[in-house]
């Protein structure tokens, strides 16, 4: 008599996983699963079949993902790779819509999910690099020979271009990426039809692995030299490799990203506590690709609790290694009698932008900042809220009569504490760490070859609508070499504290930032000073060493070439600086 005992849920899940990954029957005309590659469908099924508290053990070898992976509503689940596990994401610089084609790994409504021990790359290059071989001043173009490891068909969607020095640092002789210039054209495909091509700069194929490119302007063409290293970024903004949304206690350990068309990881609101240990975004050794990622390494748009980075490495980034911020909004209307509040978010072009899902919830605290000075006006407690940007608030310590349309607001829930230890950033087009939050520790990190400041502490309410002003920040025991090098007004110091991201000095009074400590660091061969702090109250700079930190000052820098500068600061102290650099600590 057959047994009627039901298998346990764990046994059933293991049986399902085994059937998917190692045997079982196949549909008519299909190879058995053991002879088929482990792909997105198999990986998703393995995740779905593994119970909470379990581990999805990935096989060695390539796992090709043509579709996205979702980890939704799970608790204490680990996805772990083997010694040779590589996730190969489908990416094509020739397909449309270009910003949606790359798969992603989405973690949503989860608690305690961890990813461990595997590499990530793409099946096609995410950019192309080469060298300038000719300049044509008569028509404002130049020609570039592209490394043969990057196929050139003429149909690539090129969104931006950058030039580099021989050490791989973006040098801004040419730097284009403004997506307002990107347009999509329908062009004859040579076979009687049409085909879409999206591009942010005009180029044409003029020979095998050779293209002719329209220079942005005459001055850029003059800065360019024959032999200059040049790179063309295909997609810049699209799907991240990892997306964390509305999840708690997410961890990434020993993950290496070798090719990434956009962001490495994005953290969205309603998430709490994220850990990155030995998270790496690095192109393989001897790879001609000058960027491993075309945008930020880690982009945090809203996170509660703690963000921790330990032993992480970033080299060759099209934007910041880390950008931590909350999404800001501006007050449209406020009724002190009823507490009715409406806000609007802006995009960099000044148009309305959608607030992130869950931007505010009942019980959250909204900080209010004066539109002109950026000084805090107080905070409101949220009573009710809709994602359209309308709700009701009750004043806690805000002077309701002082609140005016145009003032900025941010959700204090999305100001995580940040701990960064033993991390390194090299050869980035933008910043190393862009920090817009409270309670920050950056310790024992190294920065080299960054076009912009290695550490930037600054909100940007007017252009990027990112918050907020910083409080309780310590940067200690770090080394800064060849940082802030592109000679732009944004470069005021290898460590810069100011009131906007990209422009020059601001004009806000002291008190925007509070309680800053920059202690025991070493600065050498930087572009425009070592430390620059503006609009802060409570600043301590001591025990730092400086050598040759005005190598490439921005236009109009003036005669003040001190290694440390305070502008509109109160309660600021600076110990006498050492001039002989000591790298022994």
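The values are calculated or read from the model by the stated rules, or taken from the named source; none is laboratory data. Quick caveat, the model's predicted, so the values are computed rather than measured. For neighbour counting, all protein chains shown are included, and Cβ atoms are generated from backbone atoms with ideal geometry for every residue, glycine included.
Summary table below
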{"quantity": "Failed criterion for residue 113 (all others in (1) surrounded by fewer than 18 Cβ atoms within 10 Å (Cβ to Cβ); (2) touching a residue at least 40 places away in the same chain (Cβ under 8 Å) hold)", "calculated": "(1)"}
{"quantity": "Residues (surrounded by fewer than 18 Cβ atoms within 10 Å (Cβ to Cβ) and in contact with a strand residue (DSSP E or B) (Cβ under 9 Å, 6 or more places away or on another chain)) located in the range 118-142", "calculated": "123, 131, 133, 134, 135, 136, 139, 140"}
{"quantity": "Test for residue 367: is it at pLDDT below 90, under 16 Å from residue 406 (Cα atoms) and either in contact with a strand residue (DSSP E or B) (Cβ under 8 Å, 6 or more places away or on another chain) or not assigned by TED's automatic domain parsing to the domain that holds residue 400 (or both)", "calculated": "no"}
{"quantity": "Selected residue (criterion: modelled with the highest pLDDT) from residues of the range 373-417 that are farther than 24 Å from residue 303 by Cβ and part of a helix (DSSP H, G or I)", "calculated": "402"}
{"quantity": "Filter result (loosely packed, with under 14 Cβ neighbours inside 10 Å and either within 22 Å of the chain's Cα centre (by Cα) or closer than 19 Å to residue 101 by Cβ (or both)) within the range 143-153", "calculated": "151, 153"}
{"quantity": "Unmet criterion (only one of (1) surrounded by 24 or more Cβ atoms within 10 Å (Cβ to Cβ); (2) touching a strand residue (DSSP E or B) at 6+ places or on another chain (Cβ under 6 Å); (3) modelled with pLDDT of 95 or more) for residue 474", "calculated": "(1)"}
{"quantity": "Single unsatisfied condition, residue 263 versus (1) crowded, with 24+ Cβ neighbours inside 10 Å; (2) over 11 Å from the mean Cα position of the chain (by Cα)", "calculated": "(2)"}
{"quantity": "All positions within the range 419-431 that are surrounded by fewer than 23 Cβ atoms within 10 Å (Cβ to Cβ) and under 22 Å from residue 304 (Cα atoms)", "calculated": "419, 421"}
{"quantity": "Residue match in the range 302-314 (condition: touching a residue at least 60 places away in the same chain (Cβ under 8 Å) and closer than 29 Å to residue 213 by Cβ)", "calculated": "yes"}
{"quantity": "Spans of strands (runs of 3 or more DSSP E) in the range 172-253 with at least 1 residues on the phi < 0 side of the Ramachandran plot, surrounded by 14 or more Cβ atoms within 10 Å (Cβ to Cβ) and within 23 Å of the chain's Cα centre (by Cα)", "calculated": "194-199, 229-233, 242-245"}
{"quantity": "Boolean, residue 137 is touching a helix residue (DSSP H, G or I) at 6+ places or on another chain (Cβ under 8 Å), touching a residue at least 60 places away in the same chain (Cβ under 8 Å) and farther than 22 Å from residue 268 by Cβ", "calculated": "yes"}
{"quantity": "Single match in 103, 170 (criterion: closer than 27 Å to residue 257 by Cα and in the same structural domain as residue 212 (by TED's automatic domain parsing))", "calculated": "170"}
{"quantity": "Subset of the range 545-558 [part of a loop (DSSP other than H, G, I, E, B) and either in contact with a helix residue (DSSP H, G or I) (Cβ under 8 Å, 6 or more places away or on another chain) or farther than 27 Å from residue 374 by Cβ (or both)]", "calculated": "548, 549, 550, 551, 552"}
{"quantity": "Options 522, 528, 557, 510: the member that is surrounded by 17 or more Cβ atoms within 10 Å (Cβ to Cβ) and free of Cβ contacts under 8 Å to residues at least 40 places away in the same chain", "calculated": "557"}
{"quantity": "Odd one out for residue 460, checked against (1) closer than 27 Å to residue 282 by Cβ; (2) buried (at least 20 other Cβ atoms within 10 Å of the Cβ)", "calculated": "(1)"}
{"quantity": "Test for residue 162: is it in contact (Cβ under 8 Å) with a residue 40 or more places away in the chain and surrounded by fewer than 16 Cβ atoms within 10 Å (Cβ to Cβ)", "calculated": "no"}
